[in-house]
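Worksheet for the structure shown next.
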Amino acid sequence: MTVTDVDARDLPNVSARDAAATTHAARVLAGMPARVEVPLGELGTLALARDGVRALVPASTGEAAGDVVLGLSRGVVEGRLVIEGALARRALALALGLEARPGVPLARLGLAERGVVAGLVASALHATDAPFSVALVAPGAVERGVALGIRVVVGGASGWARVELPVRWLAALAPSAAPGGLAALEVEARVELARTRLPAGALAGLVVGDAVVFDGEPAFRLEGDRAARVQVQVVIGAHAARARITADGRVALEDELRSIPAPGARGGIVNERGPEEVTMEKRSGNDETTMRTVDVAAVLAAAPLEVVAELGRVVLSGEEVAGLGPGAVLALGRVGASPVALRVGGEVWAEGELVDVDGELGVRVTRVRRSSSGP
């Protein structure tokens, strides 16, 4: 895990309403294919892949001089499609049977040239059953909406496009990905900061004031209200996704939920002999029995246990879980406002506060919830 400090000026100012719109958009996109290939006849295949979603803010709606901006309509032209200039020229050259010249300055295409590009876009919209029409005239900006990034590959060339949609259009893209009653169910999403392994004996002896150090994990530094962004993991059951959390508790997912390896099978032997000693028997081929005594306490004390530093949990509906993916945002609450939980085997063993131990991540224990004598 790496920690990256980012100046607050690098982060867009996104309102709670816009963050909710982004989460809703990510939920809608989760029910759609992440990659689509569209056959364009003699022009080959057009490959489209999702590349994140974000709220539209005034600073993010501009485009370069050579980019092609088209309108998107659902009866009224209110959305926009911005295509990278180099990609638009490559598509135009393919459509006209010409060779694209990479060194040509990217001035704005003329009306007829933009019409050819719009025709290609209309063909792609029709092939993917997208509920929009394309127009040569585009609105100046989408007042309130989201921007969907798209990676495009066509004719051996790759580039980007950005679809800017009003929030109210999102429901037209796809139905809820959570079928039936699953949408109403509630589950917990855990936000984990780091993991380490410690001997059971060390855990049993934890007292208030001790610090659990996560070797190799850089310290979590928060300087006042500075918006530091730190790598975390969002875990739901046996699935997890990488994410980043800011000082104010916004957790932004960076990839899809993926299955994580299940823990090894657990088992035990019910034995009425004392807890300190167990006699093990091993039979040889001559039916001779070799007896040896094992110090169970020493074995248990040395056994490594996984310790998880958990920043908090968020309760999500089934419908919200269906929308988790790159760009989805969860609101956890300000980092440091609540104790960090140290969990062992899913149970809270202790609670503490984040500290810097010689540059490494540490959690100083402020409360021990479990010990060798029980809860």
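Within region 263-283, can one find any residue that is at pLDDT below 50 and closer than 26 Å to VAL363 by Cα? The answer is yes, given that some residue of region 263-283 is at pLDDT below 50 and closer than 26 Å to VAL363 by Cα. The residue of region 100-110 that is modelled with the lowest pLDDT, among those that are touching a helix residue (DSSP H, G or I) at 6+ places or on another chain (Cβ under 7 Å) and farther than 21 Å from ALA47 by Cβ, is LEU106.
For ALA88, are the conditions met, namely being farther than 27 Å from ARG168 by Cα, part of a loop (DSSP other than H, G, I, E, B) and of a type in the set (A, V, I, L, M)? No; evaluated as a whole, the condition is false for this residue. For region 136-156, a residue qualifies if it is among the small types (Gly, Ala, Ser) and assigned to a loop (DSSP other than H, G, I, E, B), and the qualifying residues are ALA138, GLY140, ALA141, GLY155, GLY156. Candidates GLU113, GLU63, GLU84: the one that is within 27 Å of ALA141 (Cβ to Cβ) and modelled with pLDDT under 75 is GLU63.
You will find that of ALA183, ALA200, ALA135, ALA227, the residue that is over 30 Å from VAL69 (Cα atoms) and modelled with pLDDT of 85 or more is ALA200 and no other. Considered as a group, the residues in region 203-224 that are outside any strand (DSSP E or B) and on the phi > 0 side of the Ramachandran plot include one that is modelled with the highest pLDDT, and that residue is GLY209. Of the residues that make up region 323-336, is at least one under 22 Å from VAL207 (Cα atoms) and touching a residue at least 40 places away in the same chain (Cβ under 8 Å)? Within region 323-336 (the criterion being under 22 Å from VAL207 (Cα atoms) and touching a residue at least 40 places away in the same chain (Cβ under 8 Å)), the answer is yes, since at least one residue qualifies.
Restricting attention to region 307-363, the residues that are assigned to a strand (DSSP E or B), of a type outside the set (A, V, I, L, M) and over 23 Å from the mean Cα position of the chain (by Cα) add up to 8.
The values are calculated or read from the model by the stated rules, or taken from the named source; none is laboratory data. For clarity, every value in this text was computed on a predicted model and none was experimentally measured. Methodologically, a virtual Cβ is constructed for each residue, glycine included, from the backbone with ideal geometry; neighbour enumeration extends over all protein chains shown.
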